[in-house]
Ligand SMILES: [Fe+2]
């Protein structure tokens, strides 16, 4: 049955992969992404398991993006489906099952120079709190877990959640701190988060201006002030892949390469 499915997938995959006209948008000033990515880069934030959150919808989309990331030189993708109460309440089991299916499809398509693994991106809500207590968590790697908060404000019980994270023995990595604009004029709050044990993961798309100029400038500020521990693509779709492939201006590209090397701890 799987053989039949993957054959069908192969046919559609090769017929319907989008063309690469996106490259025509490549700015002459920008250094292309494949030149920026350090050898053996491990991406720790993306939404590449099909139809499980707001990321890719089909296995074709997932396979296409992963093949493009493979060509860029990325060696491992630890993808991170959303876990958000009442929105995408994915369980560890559903994520693991999807991962296994996608891994088998990649083998059948001979996309084997990139490793696909999975953690999750946990919204720090009541569902996450319950999962922590039940010890039902998918870490990114060893004891690292990826967590996010609403872009409207932090959870009111943030300290309580952090207590449970630590009690369970995890190290929290806060996804895209540059997107939490409510902290921009109060970096002391970021200092407190760092002192309490959070590590910070920057979205590469933020530096490209994908989320707007305000977030781009906050991202640059956090890089320059040395707040960023890790990087991730947070890629959901073809459009974001195209933006990433466009690359970055030389000045910021150098800083990004240096930051991306920090992800080697996940190898
Ligand atoms: Fe994400």
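The values are calculated or read from the model by the stated rules, or taken from the named source; none is laboratory data. Just so we're clear, the structure is a prediction, and the values are computed from it rather than from any experiment. Counting neighbours? That spans all protein chains shown, and the Cβs are built from the backbone with ideal geometry, glycine included.
Considering every residue within the range 134-157, establish whether at least one is touching a residue at least 24 places away in the same chain (Cβ under 8 Å) and assigned to a helix (DSSP H, G or I). Checking the range 134-157: not a single residue is touching a residue at least 24 places away in the same chain (Cβ under 8 Å) and assigned to a helix (DSSP H, G or I). Among residues of the range 36-55 that are under 19 Å from residue 200 (Cβ atoms), those with a beta-carbon under 6 Å from a residue that is part of a loop (DSSP other than H, G, I, E, B) and at pLDDT 95 or above at least six positions away or on a different chain give the pairs 41/74; 43/74; 43/233; 44/140; 45/80; 45/234; 46/233.
For the range 25-71, taking the residues that are touching a strand residue (DSSP E or B) at 6+ places or on another chain (Cβ under 7 Å) and assigned to a helix (DSSP H, G or I), the one that is farthest from the ligand (Cβ to nearest atom) is identified as 36. Only residues that are within 16 Å of the ligand (Cβ to nearest atom), closer than 23 Å to residue 93 by Cβ and touching a helix residue (DSSP H, G or I) at 6+ places or on another chain (Cβ under 7 Å): list them for the range 146-192, please. Listed by number, the list holds a single entry, 172.
Residues of the range 154-182 that are at positive phi and exposed (fewer than 15 other Cβ atoms within 10 Å of the Cβ): 169 alone.
Filter the range 229-262 down to the residues that are within 16 Å of the ligand (Cβ to nearest atom) and farther than 14 Å from residue 46 by Cα and list them by number.
Residue satisfying the conditions is 243 alone.
The set of residues in the range 73-123 that are within 13 Å of residue 138 (Cβ to Cβ), in contact (Cβ under 8 Å) with a residue 40 or more places away in the chain and in a strand (DSSP E or B) comprises 78, 79, 82, 83, 117, 118, 121. Inspection of the range 100-118 finds a residue satisfying the criterion of being under 20 Å from residue 266 (Cα atoms), away from the ligand (no atom under 15 Å from the Cβ) and surrounded by 20 or more Cβ atoms within 10 Å (Cβ to Cβ).
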